[in-house]
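To start, the structure under review is shown below, and the notes come after it.
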Amino acid sequence: MLNDFTGAEYIYIACGYTDLRCGIDGLASIVEQKFQLDPFSSTLFLFCGRRCDRIKALYWEGNGFVLLYKRLENGRFQWPRNGDEAKALTSQQYRWLMEGLNVEQPKAHRPAAGLSMV
């Protein structure tokens with residue numbers, strides 16, 4: 001279910017480590033107070049603990065929160081540990097994360113910006 005999640009407009013991951021003992025209220029509080037984001041928006045928020053083999057996802061469904069928990073039997077998530085920030089992911093980066101890849105693929109083609117025809 002989490003691998004092909006398509007209900008969210010935006011996806012954010014909490015870089016660094018999160019205490020996965022937190023439930024819905026604790027994770028929503030982290031989103032609101034630490035990252036100054038709205039937990040009631042159509043956004044999927046992802047959290048990872050120290051072991052990198054399990055994640056929690058928080059999503060507001062319009063009339064209540066959904067809390068998803070995934071534990072890998074083999075392998076680890078390539079989770080960014082660069083501080084305590086929320087990082088927005090593209091749908092491609094989200095797929096990479098769920099497939100066990102790093103969200104910053106150095107060989108991936110980057111979108112071109114600021115182009116003009118002369």
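What residue, among those in the stretch 57-100 that are among the small types (G, A, S) and surrounded by fewer than 17 Cβ atoms within 10 Å (Cβ to Cβ), is farthest from R21 (Cα to Cα)?
Here is the first cut: in the stretch 57-100, the residues among the small types (G, A, S) are 57, 62, 64, 75, 83, 86, 88, 91, 100.
Still in the running and surrounded by fewer than 17 Cβ atoms within 10 Å (Cβ to Cβ): 62, 64, 75, 83, 88, 91, 100.
Working: G62: 24, G64: 20, G75: 21, G83: 20, A88: 23, S91: 27, G100: 23 Å.
Top of the filtered list is S91.
Can K107 be described as without any contact (Cβ under 8 Å) to a residue 60 or more places away in the chain, closer than 16 Å to A14 by Cα and more than 13 Å from the chain's Cα centre (by Cα)? Lay out the reasoning, then the answer.
On the way: without any contact (Cβ under 8 Å) to a residue 60 or more places away in the chain: yes; closer than 16 Å to A14 by Cα: no; more than 13 Å from the chain's Cα centre (by Cα): yes.
Considered against the rule, which asks whether it is without any contact (Cβ under 8 Å) to a residue 60 or more places away in the chain, closer than 16 Å to A14 by Cα and more than 13 Å from the chain's Cα centre (by Cα), K107 comes out as no.
This table checks each residue for (1) more than 19 Å from L2 (Cβ to Cβ); (2) aromatic (F, W, Y).
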| position | (1), (2) |
| --- | --- |
| L20 | no, no |
| D38 | yes, no |
| C52 | no, no |
| Y59 | no, yes |
| L68 | no, no |
| L101 | no, no |
Next item on the list: Counting only residues that are in contact with an Asp or Glu (Cβ under 8 Å, 6 or more places away or on another chain) and at pLDDT 95 or above, give me the strands (runs of 3 or more DSSP E) lying completely in the stretch 1-65 with at least 3 of them.
Entry: none
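The values are calculated or read from the model by the stated rules, or taken from the named source; none is laboratory data. All figures in this text were calculated on a predicted structure; none of them were measured in a lab. A quick note on method: Cβ atoms are made from the backbone with ideal geometry, for glycine too, and the neighbour counts reach across all protein chains shown.
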